[in-house]
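First the structure, in the form of structure tokens, and then the observations on it.
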Amino acid sequence: MRRAFNGQPLLWLLSPAALLLAWALAANSGAFPVQLLVPPQAVYHSFTELLVSGELREHLVASLSRLGLGFGIGAVAGMAFGTAMALSRNVEAFCGPLFHCVRQIPSIALIPMFILFFGVDDVFKVLIVTKAAFFPVALAACEGVRAIPRAYFEVASLYRLPLRSLLTEVALPAAAPTLLTGLRIGLSRAWMVLVATELLAGDIGLGQLIEMSRQMLRIDLVMVGVLLIGLIGFCLEGGFHLLEKRLLRWKPL
Amino acid sequence: MSTFKKCCAGLRGLASPLLLVAAWEAASRQDASHAYAFASLASIGAGLRELSGSGELWLSALASLQRTCLGLLYGASLGTLLGAGMALSPLAARLVGPLFHSLRQVPILGLIPLLALWFGSGEGTKVLIVALAAFYPMALNAVEGFSQVDPRYREVGRLFGLGPWQHCWHVLLPSALPSLFNGLLHALAFAWVSSVGCELFLSTGVGLGNMMMNAEAGARMDIIVIGVLCIGLLGYAMNLLFSRLSQRLLRWRPLRR
């Protein structure tokens, strides 16, 4: 590929800046009602207002703690289940078909069912997030463990490695690339589903901020929420990419 | 012996789903509060007869499927175009890439309130949401496909003196096709989920999501279960259909394995 443009970081900023400019011009031109197309400075103003009043922090803490709890439970359970399924033929024979059936059901479709079961409180949201994180992680763990070459274990047994170092120094690094991809997918799905559940039901959280502002026709607040959701998704994914690179830096390219 | 063993292995797979169904049924027979949350198998069957008898199930499923296909058509074709553009022209990638990658991060379902305020909550908005959901994975895979064209093929194309359109049709498209199909498979999954998802949020119109939300308001667990099963089965069937189709269409390709 041509590398002529590599040294021009300004070009990277061009399209977002152009969009921002177009937005500002369109909003200030008066062609659209201000209630519908809010100018960027108004959105920024509402953002600082929310930030100063501390309301934004409450929403953020609520959303992120739900995400952390649900994703944590789902990821740990998924890794355990996936590893068990990869190692034991019995576990796969007994649980595999059910696992692959339930995997086909989108998390979003389960929302009405979970609401009837668990109400609209935090339990329901955390459980949906857990479900969304569990399946991709379990699948990745299963595939990652299964793909470890048998030769590695043979070498390990030649060296008489104890079980602990067999797990931490041979099995885990070999399965890590697949596992990390699964975790990243699980995290982004969990975030998407969490926002969906908060939009549908609840009292606090970023999704709820958007939904309440929509009902009050405060598009500026809706946009603050949407931008923040995007930003958090971007940071989660970007952070995970960095983590992957750092953890897998031993890998030959 | 081996067939007997295989039979046994297949039966073992049935054990856990049957156990789950049995536990569900047992829970539904406990008392009234359990029967409210766990609809018994008999009531699910009755609900299925009721829904299919009145035609509501078919109408809802058809509406959801139709929207998925329409959104997929728009989203996938635009995504292919953008992806091809970004892969073939470094300038376009530098110009549009950052915007594309930052907009991609916003969960589609989070955009629903905003889009509903701008464009109303009618069918058009829903198709737009589905198209957006299909657009991003398609564009990503198109970039991958078109940028991985073997340089030797390009050289052969140049040697034959192919024009730009011929070059696209005979050289670039066939090498990008596997990635495009892969993208289409992803786009289909996203389109289906977001089609059902936007029905959950926008209560006007018909669809499996609307059916389930109405059932939730009336605490009809049997209908919700039917809805969940339908969504899962239809999603699985579409996925299977598309992957079979892509295998068939790509059968000319020598496999590397």
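Taking region A:150-197 as the range and being under 23 Å from the mean Cα position of the chain (by Cα), among the hydroxyl-bearing types (Ser, Thr, Tyr) and under 22 Å from A:Lys245 (Cα atoms) as the test, the residues that pass are A:Thr178, A:Thr181, A:Ser188.
Scanning region A:132-168 for residues that are of a type in the set (Lys, Arg) and under 18 Å from A:Met79 (Cα atoms) yields a count of 2. Looking only at region A:158-176, decide whether some residue is surrounded by fewer than 20 Cβ atoms within 10 Å (Cβ to Cβ), among the small types (Gly, Ala, Ser) and touching a residue at least 40 places away in the same chain (Cβ under 8 Å). Yes, there is a match, as at least one residue in region A:158-176 is surrounded by fewer than 20 Cβ atoms within 10 Å (Cβ to Cβ), among the small types (Gly, Ala, Ser) and touching a residue at least 40 places away in the same chain (Cβ under 8 Å). Of the set (1) over 30 Å from B:Ala191 (Cα atoms); (2) more than 11 Å from every other protein chain (Cβ to nearest Cβ), all apply to B:Ser16 but (2).
So, of the residues in region A:226-253 that are within 11 Å of chain B (Cβ to nearest Cβ) and without any contact (Cβ under 8 Å) to a residue 24 or more places away in the chain, which turns out to be surrounded by the most Cβ atoms within 10 Å (Cβ to Cβ)? So the residue we want is A:Val226. The lone criterion from (1) within 14 Å of chain B (Cβ to nearest Cβ); (2) among the hydrophobic types (A, V, I, L, M, F, W, C); (3) more than 10 Å from A:Ala141 (Cβ to Cβ) left unmet by A:Ala84 is number (3). Being surrounded by fewer than 18 Cβ atoms within 10 Å (Cβ to Cβ), modelled with pLDDT of 90 or more, not small (Gly, Ala, Ser) and not in a loop (DSSP other than H, G, I, E, B): is that true of B:Leu240 here? The answer is yes for B:Leu240.
The residues of region A:23-43 that are exposed (fewer than 13 other Cβ atoms within 10 Å of the Cβ) and either modelled with pLDDT of 85 or more or in a helix (DSSP H, G or I) (or both), listed by number, are A:Leu25, A:Gln41. Across region A:105-125, the qualifying residues are those that are within 7 Å of chain B (Cβ to nearest Cβ) and either within 14 Å of A:Ala138 (Cα to Cα) or aliphatic (A, V, I, L, M) (or both), and the one among them that is farthest from the chain's Cα centre (by Cα) is A:Leu116.
Residue pairs whose Cβ atoms lie under 7 Å apart, separated by 6 or more positions or on different chains, with the first residue in region B:28-40 and more than 12 Å from chain A (Cβ to nearest Cβ) and the second of a type in the set (Lys, Arg), are B:Ser40/B:Arg29.
Taken as a whole, the condition of being within 11 Å of chain A (Cβ to nearest Cβ), out of contact with any Pro (no Cβ under 9 Å at 6 or more places or on another chain), in contact (Cβ under 8 Å) with a residue 24 or more places away in the chain and more than 30 Å from A:Leu217 (Cβ to Cβ) does not apply to B:Ala116. The condition of being within 14 Å of chain B (Cβ to nearest Cβ) and surrounded by 14 or more Cβ atoms within 10 Å (Cβ to Cβ) holds for only one of A:Met192, A:Met216, that being A:Met192.
Return a yes/no flag: does region A:10-22 have any residue that is at pLDDT below 75, within 27 Å of B:Met86 (Cα to Cα) and exposed (fewer than 13 other Cβ atoms within 10 Å of the Cβ). Yes, some residue in region A:10-22 is at pLDDT below 75, within 27 Å of B:Met86 (Cα to Cα) and exposed (fewer than 13 other Cβ atoms within 10 Å of the Cβ).
One residue stands out in region A:8-32 among those that are among the hydrophobic types (A, V, I, L, M, F, W, C) and more than 18 Å from A:Tyr44 (Cα to Cα): the one that is farthest from the other protein chains (Cβ to nearest Cβ), namely A:Ala31. Could you say whether any residue in region A:74-81 is out of contact with any Pro (no Cβ under 8 Å at 6 or more places or on another chain), under 26 Å from B:Gly13 (Cα atoms), within 14 Å of chain B (Cβ to nearest Cβ) and in a helix (DSSP H, G or I)? Scanning region A:74-81, I find at least one residue that is out of contact with any Pro (no Cβ under 8 Å at 6 or more places or on another chain), under 26 Å from B:Gly13 (Cα atoms), within 14 Å of chain B (Cβ to nearest Cβ) and in a helix (DSSP H, G or I), so the answer is yes. Scanning region B:113-132 for residues that are in contact with a Ser or Thr (Cβ under 8 Å, 6 or more places away or on another chain) and among the β-branched types (Val, Ile, Thr) gives B:Ile129, B:Val130. Taking the numbered list (1) small (Gly, Ala, Ser); (2) under 17 Å from A:Met85 (Cβ atoms); (3) within 15 Å of the chain's Cα centre (by Cα) in turn, A:Ala147 passes all entries but (3). Cβ separations smaller than 8 Å between residues 6+ apart or across chains give no pair from region B:144-158 residues that are of a type in the set (Phe, Trp, Tyr) to residues that are surrounded by 17 or more Cβ atoms within 10 Å (Cβ to Cβ) and assigned to a loop (DSSP other than H, G, I, E, B). For region A:48-55, the condition of being polar (S, T, N, Q), surrounded by 13 or more Cβ atoms within 10 Å (Cβ to Cβ), modelled with pLDDT of 90 or more and under 24 Å from A:Leu209 (Cβ atoms) holds for none of the residues. Counting the residues of region A:197-219 that are touching a residue at least 40 places away in the same chain (Cβ under 8 Å), hydrophobic (A, V, I, L, M, F, W, C) and farther than 15 Å from A:Ile115 by Cβ gives 5.
For region B:89-112, the criterion of being of a type in the set (Val, Ile, Thr) and in contact (Cβ under 8 Å) with a residue 40 or more places away in the chain is met by at least one residue. When we screen B:Phe146, B:Phe160 for residues that are within 14 Å of chain A (Cβ to nearest Cβ) and either modelled with pLDDT of 85 or more or farther than 21 Å from A:Met223 by Cβ (or both), the only hit is B:Phe146.
The values are calculated or read from the model by the stated rules, or taken from the named source; none is laboratory data. Note that the coordinates shown come from a computational prediction; the quantities given were computed from them, not determined experimentally. A quick note on method: Cβ atoms are made from the backbone with ideal geometry, for glycine too, and the neighbour counts reach across all protein chains shown.
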